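The structure under discussion appears below in the form of structure tokens.
The values are calculated or read from the model by the stated rules, or taken from the named source; none is laboratory data. As the structure is a prediction and not an experimental result, all values here were calculated from the model. Positions of Cβ are backbone-derived with ideal geometry, glycine not excepted, and every protein chain shown enters the neighbour counts. Remember, those area values only see protein heavy atoms, side chains included, never the ligands or the DNA or RNA. Shrake-Rupley method; radii C 1.70, N 1.55, O 1.52, S 1.80 Å.
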Amino acid sequence: MRRARFLALTGATALAGCSGIADKLGQTDLVRNALALPEHLNFAILGTGQPLAREYRERDISPVFRPNGFMPPSSPQYAQWAADGWRGYRLSVSGLVAKPASYSLAELRGRFNRVAQITRHDCVEGWSVIGKWTGVRLGDLLAVAQPTSAGRYVVFHCMDDDGSGTLYYESLTLRQAAHPQALLAYELNDKPVPVENGAPIRLKVPTQLGYKSAKYVQGIEVVAMLPGAGGYWEDQGYEWFAGI
Ligand SMILES: Nc1nc2c(c(=O)[nH]1)N[C@H]1C(S)=C(S)[C@@H](COP(=O)(O)O)O[C@H]1N2
Ligand SMILES: [Mo]
């Protein structure tokens, strides 16, 4: 119901959403105000946590996991990591945590349980793909980091930008981050996550629309208040909760 309303309100503008021409959506006050309404419901839902997203079988996996979004990170550093099997890359966990840390890919693979899920990815543009994601539970990483009592949200800092220097970012509540299907994935369909799908680490939250699943994650930060509207697309007027 909430999602149908969202789609009806944004209409054709939503189609442009992930391809970089959503500025108009953000500028429309009517749409912005209307989008803000269901957020009250969202907080009510968050109080009890979200149910599990449906999981699929191997044979349901889409032949191609359609990539979408900004161009991969353009820095020489990223290119060098990609060419070097991600040696040197580290994922940092910082902010309101008792134990800040950073992990190489090998450490993520070695120190945390490996979990896999075959789930459907729904883009707000109106298409879906099914893929198998393997990685570590976000909740496991946060359990080690020990968020302080002031921490409320987790912000994902990405390495790619919209072409004019604004970096992609996303956020979840700590409660959403503890959802068993919230994954930091290092594999897609049993192979390292391809560059176009967010290598070397991307968030996968199958309970929310595609734009919440941040690609090219380099930093995870626990904060008390959301920066901006809580994400790149949210800053353009898109819904923050974005539950499916
Ligand atoms: N860092 C980053 N994460 C991102 C995006 C992006 O442009 N940059 N696009 C989002 C959108 S709109 C979608 S639909 C999915 C696409 O993931 P895929 O490329 O693996 O299909 O990533 C999401 N996460
Ligand atoms: Mo998307």
* To do: Count, please, the residues in the range 188-208 that happen to be over 23 Å from S74 (Cβ atoms) and either near ligand 1 (Cβ under 10 Å from one of its atoms) or surrounded by 16 or more Cβ atoms within 10 Å (Cβ to Cβ) (or both).
  => 6
* Asked: When you look at Q181, is it within 12 Å of ligand 1 (Cβ to nearest atom), of a type outside the set (A, V, I, L, M, F, W, C) and surrounded by fewer than 24 Cβ atoms within 10 Å (Cβ to Cβ), yes or no?
  -> no
* Structure fact -> Within the range 84-128, the residues that are open to solvent by less than 20 Å² (accessible area, probe 1.4 Å), within 16 Å of ligand 2 (Cβ to nearest atom) and either modelled with pLDDT under 95 or out of contact with any Gly (no Cβ under 9 Å at 6 or more places or on another chain) (or both) are none
